[in-house]
1. Suppose only helical runs count, i.e. DSSP H with n ≥ 4. What mean residue ellipticity at 222 nm does that imply for the chain under -39500 (n - 2.57) per run, divided by all residues and rounded to the nearest 500 deg cm²/dmol?
2. Loop only by DSSP, 15 or fewer other Cβ within 10 Å of the Cβ. Give me the chymotrypsin sites (Phe, Trp or Tyr not before Pro) in the stretch 97-163 that pass, ordered by residue number.
3. Near the amide H of residue 145, under 5 Å away, which other amide H atoms are found, from residues 5 or more places off or on another chain, if H is placed in the peptide plane?
4. Can you work out ³J(HN,Hα) from phi for every residue in the stretch 56-69, in order, using Karplus 6.51 cos²θ - 1.76 cosθ + 1.60 and θ = phi - 60°, giving whole Hz and x for Gly and Pro?
5. Work out the charge dipole of the stretch 86-138 with +1 on the Cβ of Lys and Arg and -1 on the Cβ of Asp and Glu about the Cα centre, then indicate which of 133, 101, 112 is farthest towards its positive end.
6. For an R0 of 30 angstrom, estimate the FRET efficiency from the Cβ-Cβ distance between residue 48 and residue 90 and round to the nearest 0.05.
7. Dipole size in debye (nearest 20) for the chain around its Cα centre, Lys and Arg Cβ +1, Asp and Glu Cβ -1?
8. In 5 Å bins starting at 0, how do the alpha-carbon pair distances of the stretch 1-143 split up by percent?
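The values are calculated or read from the model by the stated rules, or taken from the named source; none is laboratory data. In this text, all values refer to a predicted model and were calculated from it rather than measured experimentally. Positions of Cβ are generated from backbone atoms using ideal geometry, with glycine treated the same way; all protein chains shown enter the neighbour counts. In case anyone asks, the SASA skips ligands and DNA or RNA and just uses the protein heavy atoms, side chains included. Shrake-Rupley method; radii C 1.70, N 1.55, O 1.52, S 1.80 Å.
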Amino acid sequence: KKTPLEGWGRIIKRIIDVILSLLFIVIFSPVMIIAAALVKIDSRGPVLYKNLRIGKDGKSFKLYKFRSMLLQYCTGDEYANETAQEYEKELIKTQNTKSGPVYKIADDPRVTKIGRFIRRWSIDELPQLFNVFNGSMSIVGPRPHQPREVAKYELHHKKLLTIKPGITGMAQISGRSDLTFEEEVKIDTYYIENWSLLLDLSILFR
């Protein structure tokens, strides 16, 4: 087996994902309502930001987040803003803190005041509970990346695409943005090859 998540492992994980996503949606609904209101008050534009990501077996899906950037700087097909895309490319050249196929822009000037707060406490990630419920994501798994990032994957990086991506994962609790991409791949590959229900629960608890 390439991963214990083949067969019954996959079924058990899906059942737990449905139960936990519903439970967390209920528990965090007051936080999400307040966050949605603050995002709407803080700047014009939709509350949710939909970003195309690559999931299991290379299939694309729309990842949900609370919008943390000014609308004119949002990138993606739904926003059709070529100026925003060019500006992002410039920021990646000058302020990227990551190496390899992925990027992370330090001190991103496109982020709103509320956006910085919800990013700091990962509140912007809460709408991904609906991604988990609809089956495009899991509670625990490797983080999903954008098509342009996945296009630069080397062969061993594609191991990450053999299971559903997650809201959180082993790499996130092991250093998050302080890790290099290669370190993330190694940690998430270990997770994929050694998955167990107990491992998921320990990651979620942490």
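1. -14000 deg cm²/dmol
2. 121
3. 54
4. 4, 6, x, 7, 8, 8, 8, 8, 9, 9, 6, 5, 10, 10
5. 112
6. Working: r = 26 Å, r/R0 = 0.87.
Efficiency, from the Cβ-Cβ distance: 0.70.
7. 280 debye
8. 2, 9, 15, 19, 20, 15, 10, 6, 3, 0, 0
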